[in-house]
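First up is the structure itself, then whatever we jot down about it.
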Protein chains: 2
Amino acid sequence: MNIPTIKDVAKAANVSVATVSRVLHNLSGYSNKTKLKVLQAVEELGYHPNAIARGLINKRTQTIGVLFPDVSSGFSSDILHGIEEVAHEKGFSVIVCNTAEEGKRTMKYLQVLREKQVDGVVFTSEVLKDEYYQALKEMGIPVVLVNTQSHKYMIPYVKVDDRQAAYQATAYLIQNGHREIAMISGTLGDTVAGTRVEGYRQVLEDHDIQFLESRVAYGDFRWESGRKAMELLLADAPPFTALFAASDEMAIGAMGAVFAKGMRIPDDLSIIGYDDLTLAKITFPPLTTVHQPLAQMGRLASDKLIALIENSQDVSSTIVSHHIVERQTVRSKG
Amino acid sequence: MNIPTIKDVAKAANVSVATVSRVLHNLSGYSNKTKLKVLQAVEELGYHPNAIARGLINKRTQTIGVLFPDVSSGFSSDILHGIEEVAHEKGFSVIVCNTAEEGKRTMKYLQVLREKQVDGVVFTSEVLKDEYYQALKEMGIPVVLVNTQSHKYMIPYVKVDDRQAAYQATAYLIQNGHREIAMISGTLGDTVAGTRVEGYRQVLEDHDIQFLESRVAYGDFRWESGRKAMELLLADAPPFTALFAASDEMAIGAMGAVFAKGMRIPDDLSIIGYDDLTLAKITFPPLTTVHQPLAQMGRLASDKLIALIENSQDVSSTIVSHHIVERQTVRSKG
DNA sequence: GATATTTACGTAAACGTTTACGTAAAATAA
DNA sequence: TTATTTTACGTAAACGTTTACGTAAATATC
C-alpha cells in the first residue's frame, strides 16, 4: 500500500491532476461538483501533499536555517524560540545548526543548508567571517544577523546597542553612588565584547572617574570564566564596590566567587549583569541586569528574513531597546 | 545567471548526466580521464547538488523532526544539543518544533513534518497522545521518545528510571539523617511526575517513615511553581528538614522562597533537586541533585532513530543511568 | 441565432536528480 | 583470430508536483 499521490487522487476523483492541484490551492477553474469529488477522494485516500516535490518545482522549501555557536545556552535557546515561533506562524520550518564556533563546522553547515535549498539563513552571536559571507552570497538567499553585525558587509541585523547598554549599566552603578567599578568583559578581541568595554570606559570618563585597566578582567561570556575573573579581580585589582559583568552567566559566576569569600551581595559588593537570561531572576539574590529581549529579537529576525524571502526590498536593521531591570544585586550607597 | 545543475555540468564536461552522477557518487563506470573532466566542470561552474531533487527520487530527505514542549528551557536545549550533534555527524538535519504542550500545535507540526517528508521523529518530554500516535503511525516513519514513554504503544524510548531516581534522591536525604522530608512534585496527573512521587513514597515506607500527603506540594516543573509550592509548604506543612524537588528549576524556586524567609541552606533546610541542569552548579550554594545525562540522552535518541531509519530492526529502549551529584544543599544531620 | 466571451477542464512540460537498461568499444580468453 | 566478458559510457523513465497552454462546452452579448 503505497502513499497516495496527487495522481491517485485524480484517478479516484476522475479528473486530471491539474484539477486536483487547482482545488487544493483554491484556484479557479472547476465546478463545485468536481471540487467536492476531489475533496472526497483526498479524504478517502488520506492524501497529503509532498512538500519535496512542491519545493522542486517552486524553488522554495519554506525552510530557513539558523546557526548558533551553542544551541544549548540559555541565550541561544531564547532566540531560537522566538525565531521558531514566527517562522512557524508564517509557514516556515527551521533547521538548527550548532557551529560550536568552529569555522569548519560552520562551513559544513552552510553547505548542507545550500544543498537543502533553504530559503534564508539567520546567523547569530558570532562574527561573520569572510568565508561565511562568500558562501552565503553564493547561495543567493537572504541572511539576517542576530546579536552581531558586519561592518564590512551590508547585511541586516537585529541587536541592541551594546555600547549604549554597557554605558547605561555602568552609569546605573554610578548613579547608585559607586565610583570604584570593575568590569568583567567578554572575550578579548570579540567585537561586541569590545564595544561593551568601550561603553564602560566612556561613562567613567564622562564622570571623571579614572579608567583602570587593572579593574577589567576578561572571560568568555560563560559562567566559569566569570567566577575565575572575579577571583582574579578580588585578589589583584584595586578595591572596588561594584562590578559590571558583560553577561549574566559571568555575573553569576562572579557572585559565586564573592559568596565563596564570605562576602555579601549587594551589601559588600554590587553587581550588574547583561542579558537578562531566565537565570537572572532565579538566582538569589535576583540579579540586576540589562535586559535584552532575546525572544523578541528572534521574532524580529524571523520576520525580517521571511519578508526578505518574500521579496521585500527593505534591508534595514533594527536596534532593539534594552533596559535595566532592577533586582537585588545593586546597593545604593548613601 | 542561473544556478548550475547536473545538466550544466554534463554539458560542460561533454558527458551525460548519468556519468556526472556516477562520479559524484563514486560509483563505477567511467574512466579516470572523464572523472577529471567532470570534477573540473563541477569546480568551474561551482555546482552544488540539489538535495530536494535527490530527496524526491530517493524518498529520503536526511532530515528528522524533533518536538519539544519548550525549546527554550534548559532541559530541552541540552537534549536538542545532543540530538543535533549526532544527527549532523550522520548526515541528517534537524527541524525543531515547539509544541508549547498544545495538542493543536503539535498536530500542525506533525502535518508539516509529514509534508516535508522527514525520515524520522524524536518526541520529547510529553505524553504521547493517541492522536499523535495515529498521525505518526500514518507517516510510516520511525519515532523515538525521550524523557517519556508510552505504555500503550510499542515505541522505543530513552529515559532514566524516574521511580528509582526519585527513590534514591529521597534515600540520600534519609542517609543524611533526615526523616521529615517534603516533596515538590511535578504536574499532578503527569505520568513522570507521578512516578517520582511513587519513588519518594516508597523510600519513606521502606524506612518506616510515614508518608504525609500534606508534605507534598505540586508544581509544574518550572521555577515559579517551585517558589510558590515552597511557600505553601513552609506555611502549612508539618515541619520538615529536607526537601526533594522533582526538578532543578523548582528546587531553585524553593531555595528562593527559603532565603526570602531568612533561612539558610543547607543549615536550616536541605534540598535535593532533579535534572542537573547547567543551572544547578551555578546557584549559590550549588545544588545537590540527581543527574540526568540530557545531552547524552539526545545523542542516544538520535543514534537510535537514525539506525531505525536505516533499517535497523532493533526497537529496544534504553534506560540511561542517573546518579546523585553531591554539591552543597544537603546537610548531614550528625 | 450568430458571435464573443467565459468556464471548466485536460495535456504535457518542467523542476533536478537517480538508475535501470542498452550498447559500442576495449580488454580478455580461447 | 574469434568469442566472450568487461568497461565506459548514453538514453530515458521516474520521483510528485505546478502551471502554461489548448479546447470544448456553457454562457453572455447583440
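The values are calculated or read from the model by the stated rules, or taken from the named source; none is laboratory data. What you see is a predicted model; the values in this text were computed from it and never measured. Backbone-built Cβ (ideal geometry, glycine too); neighbour counts: all protein chains shown. What goes into the accessible areas is simple: the full protein's heavy atoms, side chains included, and nothing from ligands, DNA or RNA. Shrake-Rupley method; radii C 1.70, N 1.55, O 1.52, S 1.80 Å.
Residues of segment B:54-82 that are free of Cβ contacts under 8 Å to residues at least 12 places away in the same chain and within 16 Å of DNA strand C (Cβ to nearest atom): B:Arg54, B:Leu56, B:Ile57, B:Asn58.
So in segment B:5-17, with the set limited to residues that are within 9 Å of DNA strand C (Cβ to nearest atom), open to solvent by 40 Å² or more (accessible area, probe 1.4 Å) and of a type in the set (A, V, I, L, M), which one is nearest to the chain's Cα centre (by Cα)? It comes out as B:Ile6. Quick check on segment B:139-151. Is at least one of its residues touching a residue at least 12 places away in the same chain (Cβ under 8 Å) and within 12 Å of chain A (Cβ to nearest Cβ)? Looking for residues that are touching a residue at least 12 places away in the same chain (Cβ under 8 Å) and within 12 Å of chain A (Cβ to nearest Cβ), one finds at least one in segment B:139-151, hence yes. Could you go through segment A:20-34 and let me know if any residue there is among the polar types (S, T, N, Q), open to solvent by 60 Å² or more (accessible area, probe 1.4 Å), under 23 Å from B:Leu136 (Cα atoms) and at pLDDT below 95. No.
Is it the case, given these coordinates, that A:Asp130 is over 30 Å from A:Asp206 (Cα atoms) and either more than 19 Å from the chain's Cα centre (by Cα) or away from chain B (no Cβ under 12 Å) (or both)? Judged against the criteria, A:Asp130 is a match. Being within 21 Å of B:Asn2 (Cβ to Cβ), not β-branched (Val, Ile, Thr) and not in a loop (DSSP other than H, G, I, E, B) holds for only one residue in B:Gly65, B:Gly55, B:Gly82, and it is B:Gly55. The set of residues in segment B:40-62 that are open to solvent by less than 60 Å² (accessible area, probe 1.4 Å), hydrophobic (A, V, I, L, M, F, W, C) and more than 10 Å from chain A (Cβ to nearest Cβ) comprises B:Ala41, B:Val42.
Step by step: first the residues of segment B:287-325, then only those that are crowded, with 18+ Cβ neighbours inside 10 Å and hydroxyl-bearing (Ser, Thr, Tyr), then the one that is nearest to B:Ala246 (Cα to Cα). Which residue is that? Per the criteria, the residue is B:Thr289. Reported count of residues in segment A:90-118, each being within 8 Å of another protein chain (Cβ to nearest Cβ) and hydroxyl-bearing (Ser, Thr, Tyr), is 2.
Contact map, segment B:4-21: first residue within 14 Å of chain A (Cβ to nearest Cβ), second residue open to solvent by 60 Å² or more (accessible area, probe 1.4 Å) and within 8 Å of DNA strand D (Cβ to nearest atom), Cβ cut-off under 9 Å, separation 6 or more or different chains; pairs are B:Thr5/B:Val17; B:Ile6/B:Val17. Against the numbered list (1) outside the structural domain of A:Gly140 (by TED's automatic domain parsing); (2) more than 16 Å from DNA strand C (Cβ to nearest atom); (3) open to solvent by less than 60 Å² (accessible area, probe 1.4 Å), A:Glu85 comes up short only at (1).
For segment B:2-56, a residue qualifies if it is at positive phi and either among the polar types (S, T, N, Q) or more than 13 Å from DNA strand D (Cβ to nearest atom) (or both), and the qualifying residues are B:Asn14, B:Asn26, B:Gly46. Summed over segment B:20-53, the residues that are farther than 23 Å from A:Arg114 by Cβ and more than 8 Å from DNA strand C (Cβ to nearest atom) give a count of 9.
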